[in-house]
Amino acid sequence: MNAATERAIQIGILVVILGGWQIGTMTGLIDVFFFPAPLDIGTQIASWVADTSFYRHVGITLTETVLGYLIGTGLGVAAGVWLGLSRSAARILDPFIKGLNAIPRVVLAPIFVLWLGLGLWSKVALAVTLVFFITFFNAMQGVREVNPVVLSNARILGANRRDLLRHVYFPAAASWILSSLRTSVGFAVVGAIIGEYLGSSAGLGYLIAQAEGNFDATGVFAGIIILSIFVLLIDTVLNVVEKRLITWRPSAGEERPA
Amino acid sequence: MSAAVVRAVPQPPMPASPQAQPSQAKSMVSVDNVTMAFGSFVAVQDVNLTIKDGEFVSIVGPTGCGKSTILNAIAGLLQPASGSITIDAKPVKGIQGNIGYLFQQDALLPWKTAIENTELGLMFRREPAGVRREKAMAWLAKVGLRGFEHRYPHQLSGGQRKRVQMAQALITEPQVILMDEPFSALDIHTRHLMQNELLRLWQEDRRAVVMITHDLEEAIALGDRVVILSAGPRSHIIESFDVDLSRPRDVAEIKLDPHFMDLYRNIWASLRGEVEKSYERRD
Ligand SMILES: Nc1ncnc2c1ncn2[C@@H]1O[C@H](COP(=O)(O)OP(=O)(O)OP(=O)(O)O)[C@@H](O)[C@H]1O
Ligand SMILES: [Mg+2]
């Protein structure tokens, strides 16, 4: 099947679903109170996008996401590489890490609001707690799975500890870390949105919470769609970054079987 | 396959002087009563081996007898359970700076290109970027990889990777060169080219070399001495044969030399029993 027919089928599926939904709401088969008409959702999105104050909300959510993401992944990589290299530290800290990771993050949101207020930082903190552990476990695994022969080779060639870190451990862990960076983006957004949803005065999560407060299902659906577009855009950026950073790995198509 | 390797095959006529250098040279590597164990499993026991400066020693023995283990001990990657190893009269404690090790397995850094891998040893020695790039280019050309400088290991064939590994191990001009089955991944033709190339490089600048191989012909054709290890466990050296064939040698031609064939028969008579023993223990 070639790309054009696949694309045509995809569009066909979309048209059938949205068309059926629209017709259903118009004939009264679907209750618009629960499932607002696609055209109304479209109109809502269009009116938001046309309004400048909407971009303030997007900007705030984006700032929280990016800050939470950078701080969380930065701490996660540092801690993961450290504990990956130091077995004894890893063994000592293991129960604490497992315990902390077991806490459902949502319950932390009110505590962060208490500590950091209703502003930006309580949301960033929530995003950090979500992102940190994913990156942390991946970085630790990546460092531990360094090929021992490659490591011995580098040591015999005269690498000191810093050389090993820079030229062996980090690059070896890089593909693990990068794959976790992709997954973490979604979690950074989730952290920011939940934080906003539970208590804030701005952001996409706040928009959705407000629409919900008014029983405005159209607004909720529009918010959800905006959010998924938001995550897709960030993911696309990361995809490009990953391709740039890891040039040494065979890409999916040119992988050799042995 | 580049022409750079082919160039080495016709050897320049030189006066043959058997055993010219090594006989009166000082001892470079000395392995004294070394026993290597993994937990309660004793892989090799009471191994004694001396390699003189500029001497090329081949080690042969049945698979799994402990050849790589001995090499790892000389490299300082493994500690002997008992006995001692010295290099250039200094006891080996951990990794030394003056060793080149050609690993049996793939050991290139997958995230570095051929040229970056080759210059690694110089980079760790803090040589200026320009100098090391130039030397690395020259070494890649020596091993016949001109034009492959910017390929990543996954874009090279198995034989090409081995050659990058050789350039990487030799570029720092180590005093002792350890090679673990360096040519076993290569086809017979490439193998001859690489063996001749290795002999040429070694002839230019003689170092102490310990080469492990499964191939007895290769052991004799390249070595000044062939050391036979017994079947494991508790493997030890059973015999050591001097190879008094004149140098420089051409590996393809020397196999037709009657004296080579005599040596082969003698050494094989000794090795054969061990190989059979190691197979009997299989089941
Ligand atoms: N890390 C290890 N733990 C336990 N046993 C080991 C370990 N490494 C090697 N051995 C055992 O020690 C023995 C010698 O291994 P070694 O790799 O030195 O063999 P080898 O002579 O190089 O074999 P080959 O010719 O197949 O490469 C083998 O029986 C092997 O199973
Ligand atoms: Mg081996």
Check: Can you give the relative contact order of segment B:55-185 as a percent, counting alpha carbon pairs under 8 Å and 6+ residues apart?
Finding: 32 percent
Item checked: Sequence of A:Lys243, B:Lys277, B:Lys67 when ordered by accessible area, the most exposed leading, probe 1.4 angstrom -> A:Lys243, B:Lys277, B:Lys67
Check: Going highest first, how would you order B:140-150, A:122-132, B:114-124, A:68-78 by mean Cβ packing within 10 Å?
Finding: A:122-132, B:114-124, A:68-78, B:140-150
Check: In terms of solvent-accessible area of protein heavy atoms at a 1.4 angstrom probe, what is the ranking of A:His167, B:His189, B:His259, highest value first?
Finding: B:His189, B:His259, A:His167
Checklist line | chain B: most fluctuating residue of B:Pro62, B:Pro182, B:Pro128 per GNM, C-alpha cutoff 10 Å | finding: B:Pro128
Notebook entry, point to check: For the pair B and A, how large is the buried accessible area, both sides, in square angstrom to the nearest 100, if the probe is 1.4 Å?
Noted result: 2200 Å²
Notebook entry, point to check: What residue among B:Arg272, B:Arg249, B:Arg200 has the largest mean-square fluctuation in a Gaussian network model of chain B, using Cα springs under 10 Å?
Noted result: B:Arg272
Margin query: How many angstrom lie between the Cα centre of segment A:1-62 and the Cα centre of segment B:166-240?
Written below: 70 Å
Check: Averaged over peptide B:116-127, how many Cβ atoms belonging to another chain are found within 10 Å of each residue's Cβ?
Finding: 3
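Would you calculate, for the protein assembly as shown, the mean residue ellipticity at 222 nm contributed by helices, counting each DSSP H stretch of 4 or more residues as -39,500 (n - 2.57) and dividing by all residues, to the nearest 500?
Details: 21 runs with 304 residues, N = 541.
Mean residue ellipticity, 222 nm, calculated: -18500 deg cm²/dmol.
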Item checked: Close Lys-Lys pairs in the protein assembly as shown, where close means Cα under 23 Å and separation is 8 or more or interchain -> 17
Check: Any idea of B:Ser84's accessible area? Nearest 10 Å², probe 1.4 Å.
Finding: 50 Å²
Note to self: Run through segment B:167-266 and list the GluC sites (Glu not before Pro) located in a DSSP loop whose Cβ has at most 15 other Cβ atoms within 10 Å.
What the structure shows: none
Notebook entry, point to check: Quick one: with all protein chains in place, what share of the accessible area of the protein assembly as shown is carbon or sulfur, to the nearest percent (1.4 Å probe)?
Noted result: 62 percent
Next item on the list: Tabulate in residue order the Karplus-calculated ³J(HN,Hα) for segment B:98-112, using 6.51 cos²θ - 1.76 cosθ + 1.60 with θ = phi - 60°, rounded to whole Hz; enter x for Gly and Pro.
Entry: 10, 10, x, 10, 9, 6, 5, 8, 5, 10, 6, 6, x, 8, 10
Check: Say we join alpha carbon atoms closer than 10 Å with springs in a Gaussian network model of chain B; which of B:Val29, B:Val131, B:Val251 then has the biggest fluctuation?
Finding: B:Val131
Notebook entry, point to check: chain B: percent of C-alpha pairs farther apart than 32 Å?
Noted result: 24 percent
Next item on the list: For chain B, calculate the relative contact order in percent as a whole number, restricting contacts to Cα pairs under 8 Å that are 6 or more residues apart.
Entry: 27 percent
Notebook entry, point to check: In peptide B:104-113, how many Cβ atoms from other protein chains are near each Cβ within 10 Å, on average?
Noted result: 6
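The values are calculated or read from the model by the stated rules, or taken from the named source; none is laboratory data. In this text the structure is predicted, and so the values were computed from the model without any measurement. Neighbour counts are summed over all protein chains in view; Cβ atoms, including those assigned to glycine, are modelled from backbone coordinates with ideal geometry. Only protein heavy atoms, including side chains, enter the accessible area calculation; ligands, DNA and RNA are left aside. Shrake-Rupley method; radii C 1.70, N 1.55, O 1.52, S 1.80 Å.
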